[in-house]
Amino acid sequence: MIDHLSVHVAFRATKGDQVDAFYEAALLYDSVCDGKPGTRKYPHADVYAACVGYPFGHKLEVICSGFAG
């Protein structure tokens, strides 16, 4: 039996300003920083991203660049 199930959802942004705005807005609504906006090295490319956490371990992330097509 699973006692605790958490979800990590990522959204695509078209520019870095959207990542920053998401992060600032999320902090206003009781989220917790799980990765300030900044450049991260992913296996396929460098991306600009931010991640926040919510109660019960749920996480939301916004990623800009590094997408094919």
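Below are the figures for this structure:
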| quantity | calculated |
| --- | --- |
| Net charge contributed by nearby residues that have their C-beta within less than 15 Å of H8 (K/R +1, D/E -1) | +1 |
| Length-normalised contact order for the chain - Cα pairs under 8 Å, 6+ apart - percent | 40 |
| Counting DSSP beta bridges with both ends in the chain, the antiparallel % (nearest 5) | 65 |
| Set of lysines near K59 by C-alpha distance (under 17 Å), chain-local residues within fewer than 8 positions excluded | K36 |
| DSSP loop chymotrypsin sites (Phe, Trp or Tyr not before Pro) with at most 16 other Cβ within 10 Å excluded, longest remaining stretch of the chain | 30-66 |
| Two-site FRET efficiency, H44 against K15, from Cβ-Cβ distance with R₀ of 30 Å, rounded to 0.05 | 0.95 |
| Kirkwood Rh in Å, taken over the chain so that all alpha-carbon pairs contribute | 12.6 |
| Within the chain, helix-based [θ] at 222 nm, where runs of 4 or more DSSP H residues each add -39,500 (n - 2.57), nearest 500 | -6000 deg cm²/dmol |
| Whole-Hz couplings from phi, Karplus 6.51/-1.76/1.60, listed for the range 27-44; x for Gly and Pro | 5, 5, 10, 6, 7, 10, 4, 10, x, 4, x, x, 7, 10, 8, 9, x, 9 |
| Label-point gap, in nm, between V32 and Y54 - each point 7 angstrom along Cα→Cβ | 1.5 |
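No lab work stands behind these numbers, since they all come straight from the coordinates. Quick caveat: nothing in here was measured; it's all calculated off a predicted structure. Every residue, glycine as well, gets a Cβ built from its backbone with ideal geometry; the counts of neighbours run over all protein chains shown.
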